[in-house]
Each structure stands twice: as structure tokens, then as C-alpha cells.
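The block underneath contains the structure these notes are about, expressed in C-alpha cells.
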Amino acid sequence: MPFIILTFDNQILKILIDTGADKSYIDPCFIPHNKRNPTDLTIKSLFKITNLNQKTTIKFNELHKPIELYLLKFHKHYDGLIGYETLRILNANILLEQRVLQSSHFSIPLHDKPKSCIKPFFP
């Protein structure tokens, strides 16, 4: 799955792009407690039901407007996930041939795998 690199609060984050997800998420370790807001969201998957009780609104340096993210540690190799709803709000398009996430306000390169996922080849 494609991901992008975004920066927030002097931190570099690997953000997965998932058009099959409605909501967007960020690992709670990146969000200070004073930037967290209460919420009530239930996520249902094939394997479990997860209740989320915190969200935040942050402005990544590369994006033209703040976005809402629910606090959830969902993957060991990615720091967050941008879903369809946020892509629509940003008016962003995934241009696979050009390998960018693009809107009239930004153009961010797409990546395939985080470096920590790439296994060295040994013949």
C-alpha cells in the first residue's frame, strides 16, 4: 500500500494512504495530551471491535489545512493512516503513474514500503 512522509511538531511520520478506510488515524505517541479531544467511535473489523475515545486535529507542514485524526496505534511500521474522508476533504488525488498524492495545494511523493519493512536480499 502506498504511504507518504509528513512532518508535524518536528517529527517525521510515515502515513499510509488507505482509500478503503473512512476515517484517519495517528499513533497516540505523537500527540501531546493537551491536543487530545474526547470522542466516541467504534471500529468493527473481521477480527475485533475497537472503541476509540480520543481524536485530534493537527496541521501537517505539507498539507494546506488541518485534518481530524483518531488516536490509534494500528501498525508497527506506520505512524498514521489517511482514509477516504480526509482525502476528499483535502480534494487530493492519488496519481499512481506519477507516484504522488496531489491537490491544487500540494504534491507529495508516494512510497511503497517503509525502510524498516524491507528485508535485505541474501543469495
Could you say which residue among 16, 46 is at pLDDT 95 or above and over 19 Å from residue 105 (Cβ atoms)? 16
Residues of the stretch 73-103 satisfying the condition of being under 13 Å from residue 17 (Cα atoms) and among the charged types (D, E, K, R): 79, 85, 88, 99
Checking residue 97 against (1) more than 17 Å from residue 6 (Cβ to Cβ); (2) in contact with a strand residue (DSSP E or B) (Cβ under 6 Å, 6 or more places away or on another chain); (3) of a type in the set (Asp, Glu): exactly one of these is not met. Which one? (2)
Which residues, taken from the stretch 11-68, are among the aromatic types (Phe, Trp, Tyr) and touching a Leu at 6+ places or on another chain (Cβ under 8 Å)? 25, 30, 60
For the stretch 75-91, the count of residues that are open to solvent by 70 Å² or more (accessible area, probe 1.4 Å), without any contact (Cβ under 8 Å) to a residue 60 or more places away in the chain and not aliphatic (A, V, I, L, M) equals 3
Please go through the stretch 1-54 and give me each residue that is in contact with a helix residue (DSSP H, G or I) (Cβ under 9 Å, 6 or more places away or on another chain), outside any strand (DSSP E or B) and open to solvent by 40 Å² or more (accessible area, probe 1.4 Å), ordered by number. 9, 19, 20, 22, 23, 36
Condition first: free of Cβ contacts under 8 Å to residues at least 40 places away in the same chain and either surrounded by 14 or more Cβ atoms within 10 Å (Cβ to Cβ) or of a type in the set (Lys, Arg) (or both). Now tell me which residues in the stretch 100-112 satisfy that. 100, 102, 103
Scan of the stretch 80-96 for residues that are in a helix (DSSP H, G or I) and either polar (S, T, N, Q) or at positive phi (or both), ordered by number: 86
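The values are calculated or read from the model by the stated rules, or taken from the named source; none is laboratory data. Remember, predicted model here, so these are calculated numbers, not experimental data. Neighbour counts run over all protein chains shown; Cβ positions are idealised from the backbone, glycine included. These accessible areas exclude ligands, DNA and RNA; they are computed on the full protein's heavy atoms, side chains included. Shrake-Rupley method; radii C 1.70, N 1.55, O 1.52, S 1.80 Å.
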